[in-house]
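Derivation of every value follows stated rules applied to the coordinates shown; laboratory data play no part. Since the model is a prediction, treat every value here as computed from it, not as a measurement. Note that we place each Cβ from the backbone using ideal geometry, even for glycine, and neighbour counts take in every protein chain shown.
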Amino acid sequence: MPTLIVTTHPDSDSLTHHLAQRLAQELRSTAGSTSVEVADLAAEGFDPRYTLSDRHTYRVGGDFTPDVAAEQERLDRATDLVLVFPVYWWSAPALLKGWFDRVFVNGWAFGLDADGGIVRKLDRLRVHLVPIAGDDAGVYDRHGYERAMRTQLEHGIVDFCGARRGVTTFVHDSEGEDADARTRAVEAAVDAVIGAIRA
């Protein structure tokens, strides 16, 4: 079960990176997990800016720039994609949004049939989401933030491209002072993703 873990935090000492590395370690030690790759988009310098070249790619459904093609090839090797990212302003960070904008494009993630209907191309991929949230679950529930993020990411991207939904597990209160609670939340998220990948 080749797994690609994508993270987007600029601080290599962040909880986001800690969780991604912990998940990779657990997956690598699991019998039957043939490969695990961690993609640190910030450290790799992925450019999230959508340019005229990206617009051209969208319009023709191909002719991918080398950096986009490399990301697509990495995704083509995976059966499971795990996105581990901090929540900024109740959404995914700009780096991750730009990665979606540039990589999950016409001609690779989806296409159009002869009648102009959407052809969803990522049915081979299962996507798991691990948002690292600064606030507690109550805040997310009261204001509908979790539902909004699920709509954006699960329905707007995963479903649109025909990928399969895996598990979505928030790590809430990541900036709180209760280190034990934070550790439990990280372990629960790691266990949830591993359980879904093994299923």
With a/c under 1.5 counting as rounded, go ahead and sort the chain into rounded, prolate or oblate using the C-alpha gyration tensor (a ≥ b ≥ c being the square roots of the eigenvalues; past the cut-off, prolate if a/b is larger than b/c, else oblate). prolate
Net length gained if the chain between Ala188 and Ala137 were fully extended (0.36 nm per residue, minus Cα distance): 16.9 nm
Listed residues Glu37, Glu71, Glu177, most fluctuating in the chain (Gaussian network, C-alpha, under 10 Å): Glu177
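Could you give the length gained on full extension between Val119 and Asp13, defined as 0.36 nm per residue of separation minus the Cα-Cα distance, in nm?
Between Val119 and Asp13, full extension yields an extra 34.1 nm.
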Highest average packing first - 129-138, 111-120, 155-164, 16-25, Cβ atoms within 10 Å: 16-25, 129-138, 155-164, 111-120
Net charge near Gly156, counting Lys/Arg +1 and Asp/Glu -1 over other residues with Cβ under 14 Å of its Cβ? +2
